[in-house]
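For reference, the structure is listed below as structure tokens.
The values are calculated or read from the model by the stated rules, or taken from the named source; none is laboratory data. These numbers come from a predicted model, not from an experiment. Virtual Cβ from ideal backbone geometry, glycine too; neighbours counted across all protein chains shown. Ligands, DNA and RNA are excluded from the accessible area calculation, which covers all protein heavy atoms including side chains. Shrake-Rupley method; radii C 1.70, N 1.55, O 1.52, S 1.80 Å.
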Amino acid sequence: MNFTEEQVAFRDSVRRMVERHVAPIAAEIDENDRFPEELIPVYGDMGLLQLWVPEEYGGPGANLTMVCIAREEISRVSESCALMAGMNTMFALPIMHFGTDEQKQRFLPLLAEGRTVTAIAISEPDCGSDVGGMRTRAVRDGDSYLLNGQKQWCTFGSRADYILVFAKTGERGGADDISPFIVDVKNSKGLSFGRNERKMGMKGTINVPIYLDNVRVPVENRLGEEGKGFRSAMRALDLNRPAIAAASVGLAQGALDAALAYAKQRRQFKRAIIEFQGIQFMLADMAMQIEAARCLVYETARLADIGDWTQLPKFASMAKCFASDVAMKVTTDAVQVFGGYGYVKDYPVEKMMRDAKLNQIFEGTNQIQRVVIARELMR
């Protein structure tokens, strides 16, 4: 990619950090499903937790290209650790775009310090792609709201200091009644968490259900006008989906790198297997698919960075859908290149294949991404 000198320097600094802090623990956190708490200060000091926070509030003021660079580089070794880069994105962006001045002054400098962990709670047990089917309710009670309901798949939820909880505030139905509320985890009675989900991949990433039993939230913690929350969520998703796409590219690149190195040293019939045309074609296809996905990711990032909001929803969905499909294909082929060794945990590609699958599901399934793309084409 044609990065600026600043972007190249940033990429190289992230790459060095990955070699020093992430690579040594990647296999262990997958094996033990352990949240890598020690990376919080490392990422915070580099500005990686709080990438989106504007400079006027003490943050790095990064753009989407920088976020994608960080996600791609870390995902080459561990996508679980990569999701921590920009982990405050889905919390910070709605505040930046729809928050009051008081909310911005209150929360953005806190995020800029690089030690605060946040989460976002939208999905429910019976509400995933169908956001309008949300059942969690927020009822006004004087100068506060009472929140009741259950959320599912809340990433980093039980470790978070603050959670942006989306709830229904009206009776019209659909997405027009949804409002987001900033919940202070440590000071909210009636808030509890279920067990960390036992996932196929993405080990080390916390995903928990949330239970809300008359959780009282001050009115000043409601984000935006009542019933306007869906719009803020969609704006944040349009900027976060390309970051998931970038992680998919990094994951696929890591799998290709491993497969290429293995194919050069693995010998069969007195030859390195990379000399066989069948392996060569597999590696060539993997490389082509990765470069195509990378180009789409950074073109999407460019559109966001110049503020082209008319094309961004379509490109964000294209990038997320295409790159995650590529990651699934490439990691599966990498396991095939390794043969029987690819199926055992002594080598990294089986972990990469397990991690890749989730990218086709979360932040909107790839079927939903295709719906979004088709709707944009029909406009």
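For the stretch 155-219, the solvent-accessible area with a 1.4 angstrom probe is 43 square angstrom per residue. Summing charges over neighbours of PRO36, with a neighbour being any other residue whose Cβ is under 14 Å away from its Cβ, gives -3 when K and R count +1 and D and E count -1. Taking Cα atoms only, the orientation of helix 366-378 departs from the longest principal axis of the chain by about 70 degrees. Can you tally the net charge around VAL219? Count Lys and Arg as +1, Asp and Glu as -1, for every other residue whose Cβ sits under 10 Å from the Cβ of VAL219. So the surrounding residues net to -2.
The protection proxy used here, the mean number of other Cβ atoms lying within 10 Å of each residue, ranks peptides 185-194, 76-85, 16-25 as follows, highest first: 76-85, 16-25, 185-194.
A simple rule links phi to the HN-Hα coupling: the Karplus curve 6.51 cos²θ - 1.76 cosθ + 1.60 with θ = phi - 60°, which for the stretch 245-260 gives 4, 5, 4, 5, 5, x, 4, 5, 5, x, 5, 5, 4, 5, 5, 5 Hz, with x for Gly and Pro. Amide H contacts under 5 Å for ILE206: PHE156, restricted to partners 5 or more places along the chain or on a different chain, H placed in the peptide plane at 1.01 Å from N.
Given N residues in the chain, what is its alpha carbon radius of gyration divided by 2.2 N^0.38 Å?
Details: Rg = 21.0 Å, N = 379, 2.2 N^0.38 = 21.0 Å.
Here the Cα radius of gyration is 1.00 times the empirical estimate.
Averaged per residue, the stretch 238-295 has 44 square angstrom of accessible surface, using a 1.4 angstrom probe with ligands and nucleic acids left out. Along the Cα-to-C-beta direction of GLU226, a point sits 7 Å from the Cα; which residues of the stretch 107-149 have their amide N less than 13 Å from that point? It comes to 138-146, nothing else.
Close amide H partners of TYR145, meaning residues 5 or more places away or on another chain with modelled amide H under 5 Å apart, are VAL217, VAL219. With θ taken as phi - 60° and the Karplus curve 6.51 cos²θ - 1.76 cosθ + 1.60 applied, the whole-hertz 3J(HN,Hα) list for the stretch 135-141 is 10, 4, 10, 10, 10, 5, 9 Hz, x standing for glycine and proline. A cut-off of 5 Å between modelled amide H atoms, ignoring neighbours fewer than 5 places along the same chain, links LEU49 with GLY44, GLY86. Give LYS151/LYS329; LYS168/LYS189; LYS203/LYS320 a once-over and call out the pairs whose C-alpha atoms are over 23 Å from each other. The pairs that break the limit, which is 23 Å between Cα atoms, are LYS151/LYS329. Rounded to the nearest 10 degrees, the inclination of helix 101-112 to the longest alpha-carbon principal axis of the chain is 30 degrees. A Förster distance of 56 Å, applied to the separation of the beta-carbon atoms of TYR341 and GLU5, puts the FRET efficiency at 0.85. Averaged over residues, the count of other Cβ atoms within 10 Å places the peptides 86-99, 103-116, 321-334 in the sequence 321-334, 86-99, 103-116, highest first. Each residue of the stretch 192-203 was assigned a 3J(HN,Hα) from its phi angle through the Karplus expression (A = 6.51, B = -1.76, C = 1.60, θ = phi - 60°), giving 9, 10, x, 6, 5, 4, 8, 9, 5, x, 6, 5 Hz with x at Gly and Pro. The local environment of ILE182, defined by Cβ-Cβ distances under 14 Å, has a net charge of +1 under the rule Lys, Arg +1 and Asp, Glu -1. A Förster distance of 41 Å, applied to the separation of the beta-carbon atoms of GLU291 and ASP143, puts the FRET efficiency at 0.15. Protein heavy-atom accessible surface, 1.4 Å probe, per residue over the stretch 28-113: 32 Å². As a calculated quantity, the FRET efficiency between ARG135 and MET200 at R0 = 25 Å, using C-beta atoms, amounts to about 0.40. Computed packing ranks the peptides 62-69, 51-58, 130-137 as 62-69, 51-58, 130-137, most packed first, by mean other Cβ atoms within 10 Å. Expressed as a whole percent, the accessible area of the chain that falls on carbon and sulfur atoms is 51 (1.4 Å probe).
How far, in degrees from 0 to 90, does helix 64-75 lean away from the longest principal axis of the Cα atoms of the chain, to the nearest 10? Approximately 50 degrees, to the nearest 10. Structural size metrics of the stretch 252-321, computed from C-alpha coordinates, are Rg and Dmax of 17.4, 57 Å.
Trypsin sites (Lys or Arg not before Pro), restricted to the stretch 233-322: which are DSSP loop and have at most 10 other Cβ atoms within 10 Å?
Values: sites: ARG235, LYS264, ARG266, ARG267, LYS270, ARG271, ARG294, ARG302, LYS314, LYS320; in loops: ARG266, LYS270.
Here the trypsin sites (Lys or Arg not before Pro) that fit, given the DSSP loop and packing criteria, are LYS270.
Largest first, the extents of the alpha carbon coordinates of the stretch 210-347 on the three principal axes equal 72, 39, 16 Å. Considering helices alone, the calculated mean residue ellipticity of the chain at 222 nm is -16000 deg cm²/dmol, with DSSP H runs of length four and up weighted by -39500 (n - 2.57) and normalised per residue. Approximating the spin labels as points 7 Å out from Cα along Cα→Cβ, the GLU275-to-ALA261 distance works out to 2.3 nm. For the stretch 187-296, GluC sites (Glu not before Pro) meeting the loop criterion (DSSP other than H, G, I, E, B) and having at most 16 other Cβ atoms within 10 Å: GLU197, GLU225, GLU226. For the stretch 44-146, taking the reciprocal of the average inverse distance between every pair of different Cα atoms yields a Kirkwood hydrodynamic radius of 15.3 Å.
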